[in-house]
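The values are calculated or read from the model by the stated rules, or taken from the named source; none is laboratory data. Because the structure is predicted, anything quoted here is derived from the model rather than measured. Neighbour counts are summed over all protein chains in view; Cβ atoms, including those assigned to glycine, are modelled from backbone coordinates with ideal geometry.
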Amino acid sequence: MDTMTMLLFGATGDLAARKIFPALFRMYLDRKLPQPFWVVATGRRAWSQSRFRAHIEESLRDFCQDRAGDFSRLPVFLQGIEYYEMDVRQPQAYLNLHHYVRSGESERRIGENRLFYLSVSPELFAGIAGNLHRSGLSQTSGWRRLMVEKPFGSDLASARDLNRKLGEAFAEEEIYRIDHYLGKPMVQSLGSLESANPIIHAIWNSRYIANVQITASETIGVEERAAYYDHAGAIRDMVQNHLLQLAMLTAMHVPGRMTAEEIQAAKRNVMEAVRPLDKEDVRLHVVRGQYSEGSIDGTHAFAYREEAGVAPMSMTDTFVAARLFIDLPRWQGVPFYLRTGKRMKEKSTRIVVQCKPSEEAELPNLMVIHVSPDQGMTLRLNLNGPGKPGQLEPVELKYANQENLPEPYELLLAEAMKGDRTHFAQWEEVELAWRWVEPILAAFAENRVPLHDYPAGTNGPDAAYRLLEEDGFTWWLDPQDEPVYTPVHAR
Ligand code: BG6
C-alpha cells in the first residue's frame with residue numbers, strides 16, 4: 001500500500017471517537033495500515049497532544065473492548081496520530097496546515113498521497129474542500145482522495161450544489177461518499193450471492209419472486225441528535241441513502257466484472273428504473289410514522305416529541321415504509337418494500353425475498369439475508385416432514401456467520417486507502433435517489449401523508465401492514481408476528 005497522510009477533519013467529534021479511531025486501531029493491529037502511518041487529526045478545541053491522545057485512548061477502551069488484550073500496543077499506535085488545532089473556516093489555517101503536512105511528510109518519508117476525511121458538520125463540507133484546493137493542500141504530486149460523511153445534501157438541490165462545489169476541488173473518481181451500509185459484510189456479499197450461485201441467479205426475477213422486503217429497524221431513539229434529525233427524519237436519514245442502496249444492490253444485474261464502474265452502472269440502471277412517485281400519489285405508497293410513548297425491553301421510552309431538542313409539535317417522520325416498483329423486465333410487477341424506524345421492537349436489518357407460492361404448498365419459500373446484528377442467511381423451504389408423508393412442513397437452512405467480522409468503517413477505510421471505490425456511493429446514484437425521494441419530501445412537508453403514531457417498542461404503525469395487505473402480503477419475521485406454522489396437507 002502507498003504511504004500516505006490521512007487528514008481527519010472533525011477529530012474530536014463523536015463519530016471519530018466511536019467509529020473512526022476504533023477502526024484505525026483495529027487496522028493497525030491487523031497490519032492493514034500503511035507503514036509509516038500518519039494521521040493529522042484536526043479539531044477546533046485547544047487540546048494538547050497528550051490531552052487528545054488520552055481522549056482517543058479513552059474511546060478505544062470504550063469501543064474496542066474486544067481488543068483489550070492488545071492495548072499494550074496502544075502507545076505505538078498513538079504515536080502515529082497528531083492533533084492539529086485549527087478553525088476550518090479560516091483560509092489562512094490551511095496554508096499553515098499545508099506547511100505542517102509537507103514537513104511531516106518529508107520527515108517521515110511519506111509520499112505526497114493524501115486522504116482527506118470530512119467527519120464534520122455537513123455545512124462545512126464544501127468550504128473545507130474549497131480551502132484544501134486553494135491552499136494547495138490537495139494539489140499533490142501523488143494521489144488525493146476525499147472521504148465525505150453523510151448526509152450528502154438534504155434534498156436534490158442542496159446535494160447538487162454540494163456536489164458541484166466538491167467537484168471544483170476533486171474529480172468524481174477522487175470522492176468517496178460514505179454510506180456505511182455499503183461496508184456491512186453481508187451487504188458486500190450480496191453481489192456474489194447471485195453471480196456465484198446459478199441456483200439463485202435462476203430465480204432472481206419476477207417469474208419466481210413475489211416481493212422483496214427491506215427492513216432496517218432500530219430500538220434507539222433520536223438520542224442527542226435532535227438538532228439534525230428533527231429536520232431530516234427517517235426519509236433523509238435512512239431511506240434516501242441506506243435503504244435505496246440496499247434496494248439497488250438487491251435488484252441489480254450483477255456485472256460480469258465486479259469493478260467499481262460496472263457496479264455503479266448496474267446500480268444506476270436500477271435506480272433509473274425505479275418508478276417515480278407523483279406528489280399526489282405519495283400517500284398511496286408511503287407510510288409515515290412517529291413514535292409515541294412506550295416501552296422497550298421493559299424500560300419506559302419517551303415519545304419523540306418529548307425528546308430533548310425536538311419541537312413539541314414536530315411532524316418529523318421517525319418511521320417510513322414505502323412500496324416501489326422497478327420498471328425493468330426482470331422486476332416487472334414485483335413490489336419492493338422498504339421500511340425503517342426508530343424506537344421499534346428490535347434492532348434488525350434484513351432483506352427478505354419472498355418467492356411466489358408453489359401449487360403444492362401454501363407457505364412461500366423465503367430467502368432472508370440477515371445484515372445486522374445477525375449476519376448470515378436463511379432459506380425457508382417446504383418439505384414433507386420425515387415419516388409424515390403428505391404433510392408439508394417449513395424447514396430452514398441456516399448460515400450464521402460466527403466469525404468476528406470487521407466493522408464497516410474498517411472495510412471502508414481500507415478500501416479508500418487502496419483507491420477502491422466499489423463500496424462508496426457514486427454521484428449519479430445519490431442524485432437519482434434524491435430525485436426519487438423529492439416528491440416524498442414535498443408530500444411530507446405539505447402534510448399530504450398522514451403521520452401515524454406508533455408506541456415505542458412496537459413494529460411501527462398498522463398502516464405499514466395495510467400497505468402490504470393491499471397486495472396480499474405481510475411483513476415477514478416481525479418479532480411478535482412470527483407466523484404460526486401449522487403443517488398443511490399437500491394438495
Ligand atoms: C445512520 C443514521 O446513518 O445509521 C442513524 O444517521 C442510524 O440515525 C444509523 O441510527 C443506523 O446504522 P446501523 O449500522 O446501526 O444500522
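Quick notes on this structure:
- Among the residues of segment 458-468, some residue qualifies, meaning at least one is under 17 Å from Q354 (Cα atoms), aromatic (F, W, Y) and at pLDDT 95 or above.
For every residue, the table says whether it meets (1) within 16 Å of the ligand (Cβ to nearest atom); (2) surrounded by fewer than 21 Cβ atoms within 10 Å (Cβ to Cβ); (3) not polar (S, T, N, Q).
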residue: N365; (1), (2), (3): no, yes, no
residue: P373; (1), (2), (3): yes, yes, yes
residue: L383; (1), (2), (3): no, yes, yes
residue: P389; (1), (2), (3): no, yes, yes
residue: K418; (1), (2), (3): no, yes, yes
residue: H423; (1), (2), (3): yes, no, yes
residue: P439; (1), (2), (3): no, yes, yes
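- In the set L162, L193, only one residue is more than 16 Å from the ligand (Cβ to nearest atom), surrounded by 15 or more Cβ atoms within 10 Å (Cβ to Cβ) and closer than 30 Å to D317 by Cα; that residue is L162.
- Counted as qualifying within segment 36-138 are the helices (runs of 4 or more DSSP H) with 1 or more residues that are of a type in the set (K, R), namely 49-63, 91-108, 125-135.
Results for (1) in contact with a Leu (Cβ under 7 Å, 6 or more places away or on another chain); (2) modelled with pLDDT under 95, shown as yes or no for each residue.
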{"residue": "G69", "(1), (2)": "no, yes"}
{"residue": "D87", "(1), (2)": "no, no"}
{"residue": "H99", "(1), (2)": "no, no"}
{"residue": "G104", "(1), (2)": "no, no"}
{"residue": "R114", "(1), (2)": "yes, no"}
{"residue": "H133", "(1), (2)": "no, no"}
{"residue": "W143", "(1), (2)": "no, no"}
{"residue": "L156", "(1), (2)": "no, no"}
{"residue": "G167", "(1), (2)": "no, no"}
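- Residue pairs meeting the criteria (Cβ under 6 Å; at least 6 apart or on separate chains; first away from the ligand (no atom under 16 Å from the Cβ) and modelled with pLDDT of 95 or more, in segment 323-347; second among the basic types (K, R) and in a strand (DSSP E or B)): P335/R323; Y337/R323
- Residue list for segment 306-322, filter: within 16 Å of the ligand (Cβ to nearest atom) and in a strand (DSSP E or B): F319, V320
- Criterion: modelled with pLDDT of 95 or more and among the hydroxyl-bearing types (S, T, Y) - qualifying residue of T259, T250: T250
- Selection within segment 142-159 - away from the ligand (no atom under 16 Å from the Cβ), buried (at least 18 other Cβ atoms within 10 Å of the Cβ) and not basic (K, R): L146, L156
- Some residue of segment 396-404 being assigned to a loop (DSSP other than H, G, I, E, B), touching a helix residue (DSSP H, G or I) at 6+ places or on another chain (Cβ under 8 Å) and either among the basic types (K, R) or loosely packed, with under 13 Cβ neighbours inside 10 Å (or both): yes
- Qualifying residue in segment 291-305 (condition: in contact with a strand residue (DSSP E or B) (Cβ under 7 Å, 6 or more places away or on another chain), among the β-branched types (V, I, T) and surrounded by fewer than 21 Cβ atoms within 10 Å (Cβ to Cβ)): no
- Consider segment 206-223 and keep the residues that are outside any strand (DSSP E or B) and away from the ligand (no atom under 11 Å from the Cβ). The one that is surrounded by the most Cβ atoms within 10 Å (Cβ to Cβ) is S206.
- Segments classed as helices (runs of 4 or more DSSP H), wholly inside segment 224-305, with at least 1 members that are touching a residue at least 60 places away in the same chain (Cβ under 8 Å) and away from the ligand (no atom under 16 Å from the Cβ): 244-251, 260-273, 282-285
- Test for E470: is it farther than 28 Å from R18 by Cβ, of a type outside the set (A, V, I, L, M) and without any contact (Cβ under 8 Å) to a residue 12 or more places away in the chain: yes
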